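Notes follow once the structure below has been shown.
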Amino acid sequence: MFESIADKLYQAKKIVFVTGAGISQESGIPTFRGKDGLWRKYDAMQLATIDAFYENPKLVWEWYEERRKNILAAKPNAGHVTIADLEKFKQVRVLTQNIDGLHQLAGSSQVYELHGSIITIKCTVCDFKEKITGEFSELPPICKCGNILRPDVVWFGEQLPQDVWSGAIMQANSCNVMFVVGTSLAVSPANMLPIYAKQNGATIIEVNPEETPMSKSMDLSIRSTSAKVLPELLSIVSK
Ligand code: BJW
Ligand code: ZN
């Protein structure tokens, strides 16, 4: 699978993974835009914007609670585990659009959560932010300051956390190899990261069963699933 770029992989000092919902699909977490994607069932603009949240916070919270329960029951798959294991051989950074925490659970130590985390809440008004530890007695949950709490995720029209985003750009600009795994590259600014890496001379590899807008610009584009393909990397870099 990786024969054509085996030398680049072997020589690479730093490998960056840009990941999206597809990498967690084989852990039982639905993607957004795929054939069984969440946006086929739900209207994104009804659920993933701040206006939608203020319009109907209970509905948005119920959707996140259902997803959070599914995510908490999920386990990292061979794709997540391979990326974590690669740290034994290379500098590895993970720039993920996912909010599910599965890269960290698999053991990756350098994860940039571009779109936040479903297991953290924050206040819509004050600075309160905390990990969710149990069930909420009512939805939406209310902060000590009296205002509504929200999931600590990035909705459409919102800025990405600036420190995370600037760190991600730095990693994209300084890697030797970038893997783009399980993302449709439909959402900006995360879809700029492969462009930054390419501009800096990195080798770019895509793993996705479907074509994406950047497939033709990749050095290698593999049409398969991440849990099937990524484990092959270990035998190359560990030689
Ligand atoms: C597999 C697989 C397997 C399947 N193995 N692969 C007009 C108005 C307002 C804003 C905009 C606008 N035009 C553009 C914008 C900017 C907007 C944007 O990009 N919109 C586009 C949709 C057009 N972006 C933003 O608003 C961002 N902020 C921003 O730009 O700030 C500046 C700004 C402010 C104000 C105005 C304008 C700019 C924020 C984006 C936040 C995205 N949030 C979400 C929800 C997060 C929380 C949650 O999870 O609920 O993030 S949306 C959703 O999409 C989620 C994902 O992280 C993100 C990306 O999706 P991803 O991961 O690529 O998943 P899919 O489903 O799309 O693809 C899965 C892929 O996997 C597929 O290709 C499959 O083939 C593949 N696959 N099985 C490997 N086993
Ligand atoms: Zn508050």
- Give LYS41/LYS69; LYS75/LYS216; LYS90/LYS131; LYS198/LYS228 a once-over and call out the pairs whose C-alpha atoms are over 28 Å from each other. LYS75/LYS216; LYS90/LYS131
- Interchain or sequence-distant (5+) residues whose placed amide H lies within less than 5 Å of the amide H of PHE179 are VAL16, PHE17, VAL18, ILE205
- The ³J(HN,Hα) series, computed from each phi in segment 98-109 with the Karplus coefficients 6.51, -1.76 and 1.60 at θ = phi - 60°, rounded to the nearest Hz and given as x for glycine or proline, is 7, 10, 8, x, 6, 5, 5, 4, 6, x, 5, 9
- Task: Compute, for ASP163, the solvent-accessible surface of its heavy atoms (probe 1.4 Å) with the complete set of protein chains present, and express it in square angstrom to the nearest 10.
- Result: 120 Å²
- Item | Candidate residues TYR10, TYR64: accessible-area rank, largest first, probe 1.4 Å | TYR10, TYR64
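Only sites in a loop by DSSP and with at most 10 other Cβ atoms within 10 Å count here; which trypsin sites (Lys or Arg not before Pro) in segment 22-89 make the cut?
Details: sites: ARG33, LYS35, ARG40, LYS41, LYS58, ARG67, ARG68, LYS69, LYS88; in loops: ARG33, LYS35.
Of the trypsin sites (Lys or Arg not before Pro), the ones in loops of segment 22-89 whose Cβ has at most 10 other Cβ atoms within 10 Å are LYS35.
If you take every DSSP beta bridge fully contained in the chain, what fraction is antiparallel? Give it as a percent rounded to 5. Intermediate values should be presented prior to the final figure.
Details: 9 of 32 bridges.
In the chain, approximately 30 percent of DSSP beta bridges are antiparallel ones.
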- Of GLU135, GLU3, ordered by accessible area with the largest first and a 1.4 Å probe, the sequence is GLU3, GLU135
- Once all protein chains are kept in place, ILE222 shows an accessible area at probe 1.4 Å, nearest 10 Å², of 10 Å²
- Surrounding net charge for ALA84, when Lys and Arg each add one and Asp and Glu each subtract one, Cβ distance under 15 Å: +1
- Violating pairs (Cα-Cα greater than 23 angstrom) within the set LYS8/LYS239; LYS58/LYS122; LYS35/LYS129; LYS122/LYS144: LYS35/LYS129
- For segment 119-138 and segment 177-191, what is the separation of their Cα centres, given in Å? 29 Å
- Note on the structure: Rounded to one decimal in nm, the spacing of the 7 Å Cα→Cβ label points at TRP39 and ILE195 is 1.8 nm
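The values are calculated or read from the model by the stated rules, or taken from the named source; none is laboratory data. Owing to the predicted nature of the structure, the values given are computational and were not obtained by experimental measurement. Reconstructed Cβ throughout: ideal geometry from the backbone, glycine too, with neighbour counts over all protein chains shown. Each accessible area value is taken on the protein alone, full model and side chains, heavy atoms only, with ligands, DNA and RNA left out. Shrake-Rupley method; radii C 1.70, N 1.55, O 1.52, S 1.80 Å.
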